[in-house]
Amino acid sequence: MNPYVPVLISFAAAVLLIGVFLFFCHAFGPKAPSPIKSDPFECGNPPSGPAHDRFAVRFYIVAMLFLLFDIEVVFLYPWAILFRELGGLGIMEMGFFLTLLVGGLAYVWWRGALEWE
Amino acid sequence: MSAQIAFYVLALGALVSALGVVLVRNPITSALNLVVSLCFVAGLYALLEAHFVAAVQVTVYAGAIMVLFTFVIMLLDLGTVPARTGPPEGIPKATIMGALGAAFVGLVIHAVRGDIRVPTTAGMAPERVAELGGNSRLVGELLFGPYLLPFEVAGVLLLVALVGTVVMAKRDSVAKSTASRRNS
Amino acid sequence: MDLISILIVVAKVAFVLIVVLHFGALMTWAERKQAALIQDRIGPNRINILGVKALGLIQIMADGLKMIMKEDFIPAGAHRLYHTLAPAIAMFPALVALAVVPFGPSFDVAGRHIELQVANLDVGILFVLAVSSLGVYGIALAGWASNNKYSLLGTVRATAQMISYEIPMGLAIIGIVMTYGTLEMNKIVELQGEYFRLGGLPILPKWGIFYQPLGFVLLFTALIAETKRTPFDLPEGESELVAGFNVEYSGMKWGMFFLGEFASIVVVSALVATLYFGGWQIPYVNLMALPALPRVLLGVATFFGKVIVLCWLQLLVRWTLPRFRYDQLMHLGWKRLMPLAIANLPLTAAWIWMLGGMKS
């Protein structure tokens, strides 16, 4: 049997279960909307300011860095499987790749993009 | 037979969500439609027995690139596109581009018309792939064998992107700090 | 693909799902009892049904009933669909990730070979990574859909935390893949049944922890950070930012976040047990030499025993360590765990070479 069939059955079962949970929250609770309840929660203060402010650029930097290192990790997986067959040559090939990326990490670190997170 | 059904379901899903990307008004809905579309494409890769690429597609494309997109949309608070009030703009341009696009698609279909069938394997039979150690191992053998140079070039590309990210993002703060140093 | 095979698969899926949910629910009780023990008190012990106090286990049912019966409201200005969808997406990976984990040895019955693993994918571990990267969207949507700036701030920080720790997670797993040369989880568990031998006598089983002690620490830390457990639970910290990204959630939707987090404790333990502690293998016992029924019972019991110990370890970590500040958390992820995880790779290479595993 195709191994993805159990995966799909698993997905379907999870979706079903989540549907049951969502049904529970819809069906069993009381419904008493009021204007004060619907305000955004600010520990008792009346809501102030818009819901969206400007955000520091370091969150974007983190997301970009995550993306680039995730791609690197993805390249590491086939190498790791073949690690023993590729031997020393494989280590040198991957070593070059890793050096490039460690160099990149060092540069990012030196420039202070990882500060004040 | 089941491969056909799977193909049509996945392809339909990918197309519908891709249409959703361009047709909905809310940018977050647009981004999520793209995530769904990418997951269906990953399913198509799995149908082609390219399991490693399917997993990587979900992890990197839907799980990293689209997270970046979602971040940007959330943090920039791009509002909903307002409903159109007058006649649509740019009809001549749209017609030309649409015609060129349709011509391109027609050309591609004409070129492959003899080979159109439901894709099930991308080259080797699944039993042979399993014999040779599995899909990921074969990808690795290709990546560190004939395709070593593209792999290393990809590493250089990633390095360029790393440096570029920091240079672009830090430009303002460097300019601000040098300006403040000059003023003080 | 006959009916019996499908039924077997459905039975396995149901088993895994039920186990994850029940263990998750038990973890809520265990957490409170463990916290109580550490803090020198008793924990929930008032609850009883007609005078029967089952060590406070009925508290789980009481919590569940409370969550179901609370009002489910969506604040004004919040996006209705995403407010409902976010907890669903956040809970999904915890329920599905165990599809590739083998929870017992394979056996033959009535001419059929049954593997105690829901899906034996070619890309085993990558499946877990893929679904956990999709879980980020649940958190991202939760804060965004709540129309509350504290919620949005909490979400952005939570998302940044989750993605920052996904990389050390991926890198730590690479050490295991290097050691066993395969991504398939059932082969990894089988290979952990072999032994390091000295003069022909088995000394230690070839478990992942003996090949990858640093990798274990890295993966465990990264997974605790990924599931946002203390000491990394600033995004949902009860005393900071109110409740962070889930401040506008109540009732069962909040319950889904909560249950999803506890289910992911079980998933983390199952993963670590499979990769580093031999899965269902009992050291020095060859389970495959036993007949089917004792083999399955012992194997499954061993697996769940290891899972319980690792869950308990996570609870212990929670109630011992203080919470990290956000900048400390990011500093740890990018400047400590990631370089260590990268350094783990040549270290593993050297270690494997020393232990004589390199083919030329």
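The values are calculated or read from the model by the stated rules, or taken from the named source; none is laboratory data. Note that the structure is a prediction, hence the values are computed from the model and not measured. Glycine also receives a Cβ, built like all others from the backbone with ideal geometry; neighbour counts cover every protein chain displayed. Accessible surface is based on the protein model in full, side chains and every heavy atom, while ligands, DNA and RNA are left aside. Shrake-Rupley method; radii C 1.70, N 1.55, O 1.52, S 1.80 Å.
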Round to a whole angstrom and tell me the spacing of the C-alpha centers of the range C:153-180 and the range C:302-328.
17 Å
Taking the Cα centre of each part, how many Å lie between the range C:1-68 and the range C:71-129?
18 Å
Going Cα to Cα from C:LYS187, which lysines come in below 20 Å? Please leave out same-chain ones fewer than 8 positions away.
C:LYS12, C:LYS206, C:LYS306, C:LYS359
At 1.4 Å probe size, with no ligands or nucleic acids counted, give the accessible surface of C:GLU115 in Å², nearest ten.
60 Å²
Pop out the ³J(HN,Hα) list for the range B:55-64 in order, Karplus 6.51 cos²θ - 1.76 cosθ + 1.60 with θ = phi - 60°, rounded to Hz; leave Gly and Pro as x.
5, 5, 4, 5, 5, 8, 6, 6, x, 10
Ordered by number, the residues of the range C:180-202 that have at least 20 Å² less accessible area in the complete protein assembly than on their own chain alone (1.4 Å probe) are C:GLY181, C:LEU183
B versus A: buried accessible surface, summed, Å² (probe 1.4 Å, to nearest 100)
3700 Å²
If only Cα atoms are counted, what is the Rg of the protein assembly as shown, and what is its Dmax, in Å?
25.8, 87
Hey, got the average number of other protein chain Cβ atoms within 10 angstrom for residues in B:31-41?
1
Students often forget the sequence filter, so: which lysines lie under 22 Å Cα-Cα from C:LYS53 once same-chain residues fewer than 8 apart are removed?
C:LYS33, C:LYS66
Sequence gap at least 6, Cα distance under 8 Å: using those rules, report the relative contact order of chain C to the nearest whole percent.
23 percent
Using a probe radius of 1.4 Å on heavy atoms only, what accessible surface per residue do you get for the protein assembly as shown? Whole Å² is fine.
46 Å²
Accessible area that becomes buried as C packs against A, both chains, 1.4 Å probe, Å², nearest 100
6300 Å²
When you look at the Cβ of every residue in B:144-155, what mean number of other chain Cβ atoms sits within 10 Å?
4
Take the alpha carbon atoms of the range B:1-143, find their radius of gyration, then divide it by 2.2 N^0.38 Å using N residues; give the quotient.
1.33
With all protein chains present, how much of the accessible area of the range C:3-359 (probe radius 1.4 Å) comes from carbon and sulfur, to the nearest whole percent?
71 percent
By Kyte-Doolittle mean hydropathy of at least 1.0 and Cα axial length of at least 18 Å, which whole DSSP H helices of chain B are selected?
B:2-23, B:27-47, B:91-111
